[in-house]
Structure formats: structure tokens, C-alpha cells
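The values are calculated or read from the model by the stated rules, or taken from the named source; none is laboratory data. Computed from a predicted model, the values in this text were never measured in an experiment. Note that each Cβ is placed from the backbone with ideal geometry, even for glycine, and that neighbours are counted across all protein chains shown. When the accessible area is computed, the model is the full protein with side chains, heavy atoms only, and any ligands, DNA or RNA have been set aside. Shrake-Rupley method; radii C 1.70, N 1.55, O 1.52, S 1.80 Å.
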Amino acid sequence: MPGLPRLDQPLTDGHVALREWSDDDVEAMIAPLNEGEIARWTRVPSPYRREHAEEFVARMGAARRVGEELALAIVGTADGQLLGSISIRITSWEHRRGELGYLVFAHARGRGAAPRAARLLARFAFEELGLRRVGIIAAADNVASQRVAEKAGFTREGVLRAYLDSPGEGLDMVSFSLLASDA
């Protein structure tokens, strides 16, 4: 499995930029990742503590080096403010597939940061990583995440029934995809 490249420069569209996480981000991550909607829709530990942020930065560095995942901070280009997180996880090098995951902090929602970030990272995945297909799966009840996928140009494919374990039941997920030929 090849390692994933480091970003020489942030990926940007002039409104948002995607850059690698660093130890300097640890303190700024803690409060926004304790917000209720993030705990509801993600696997982020709750309550989120400093040790979680430190472990995340270290784990994502290791995942990049072994070619599993590239996690990036979403920041505003005007002020560098931390807006959220996005990653591309390689689901199959053989079949050239990856899956995007994202979250946007409460103070940054509704400003188009997530769809912009998804478009930037999908383009990078196609052009720099050689992927053919990038997917997004969103909880069936998470309408906001599904809107992000649609605004980013992903095609809704269908519902994956009982796709993830959830306390007492399986959680249905909606599948979206973007192909290199679509982009």
C-alpha cells in the first residue's frame, strides 16, 4: 500500500483551504468537537478531551504515511479560522476507491464550507491519488450531510440498510458517489 503524499501547499478554492492537521490545532479542536450535533452524527469521542485531539493528530499522521487516510483541516482563507475536518479514506487501492468523511463546526455551518471542501478533496483524490471513485455515506436521518454531498456534485445511489451498528439497531446510511469521469 503506497503512502499518501503530504500537501506542499493547502488545497484552496479561494474561500476555504484544506491543510494538514498539526499539534498547533489541538487546543482549537476541543470546544467545537464537544458540540451536540457532532457527537450525534460522528464517532468523535464525547466528551472530547485534549488527549483525544492529540491522539487524532498522531493517528492521522500515521494513517497518511501507510496510505490509509488523509485527514485535513478545513480553514477559512480570509482569516485561517478552523471550520471543520475532512478526510479521504482509501477503501481499495486495487479498485481505486475512496470515501470522504467530513464535519463542520457549529460556528461555520451554512456557509458552504463542507461542499467546497468535498469538491477540493475529491478533485485531489482523482488527480493526485489516481482514484476512480469517491463515495460519501451519510446517516439516513442526517439531511444536512446528504445536502453537502449533493451540493458537492455527488450522485445519490441508494440506502444501505442497517449498514452501521447503532445501539439496539442497525443504522441506515445513504450512499453517494462521484466518479473521476463526472468531475
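Are there any strands (runs of 3 or more DSSP E) wholly within region 76-151 with 3 or more residues that are small (Gly, Ala, Ser), and if so which?
So the answer is 82-92, 133-139.
For residues that are farther than 14 Å from Ser177 by Cβ and open to solvent by 70 Å² or more (accessible area, probe 1.4 Å), tally how many sit in region 94-118.
Going through region 94-118 one residue at a time, the tally reaches 5.
From the list Arg19, Arg50, which residue is surrounded by 13 or more Cβ atoms within 10 Å (Cβ to Cβ) and modelled with pLDDT of 95 or more?
After ruling out the rest, the residue left standing is Arg19.
Can you confirm whether Asp141 is farther than 22 Å from Arg43 by Cβ and of a type in the set (Asp, Glu)?
no
With Ala73, Ala58 as the choices, which residue is open to solvent by 40 Å² or more (accessible area, probe 1.4 Å) and either in contact with a Lys or Arg (Cβ under 8 Å, 6 or more places away or on another chain) or not polar (S, T, N, Q) (or both)?
So the residue among Ala73, Ala58 that is open to solvent by 40 Å² or more (accessible area, probe 1.4 Å) and either in contact with a Lys or Arg (Cβ under 8 Å, 6 or more places away or on another chain) or not polar (S, T, N, Q) (or both) is Ala58.
Go through region 149-183 residue by residue and tally those that are surrounded by fewer than 14 Cβ atoms within 10 Å (Cβ to Cβ) and at positive phi.
3
Among Ala73, Ala58, which is the only one that is assigned to a strand (DSSP E or B) and either in contact with a Gly (Cβ under 8 Å, 6 or more places away or on another chain) or at negative phi (or both)?
Selected residue: Ala73, the only one of Ala73, Ala58 that is assigned to a strand (DSSP E or B) and either in contact with a Gly (Cβ under 8 Å, 6 or more places away or on another chain) or at negative phi (or both).
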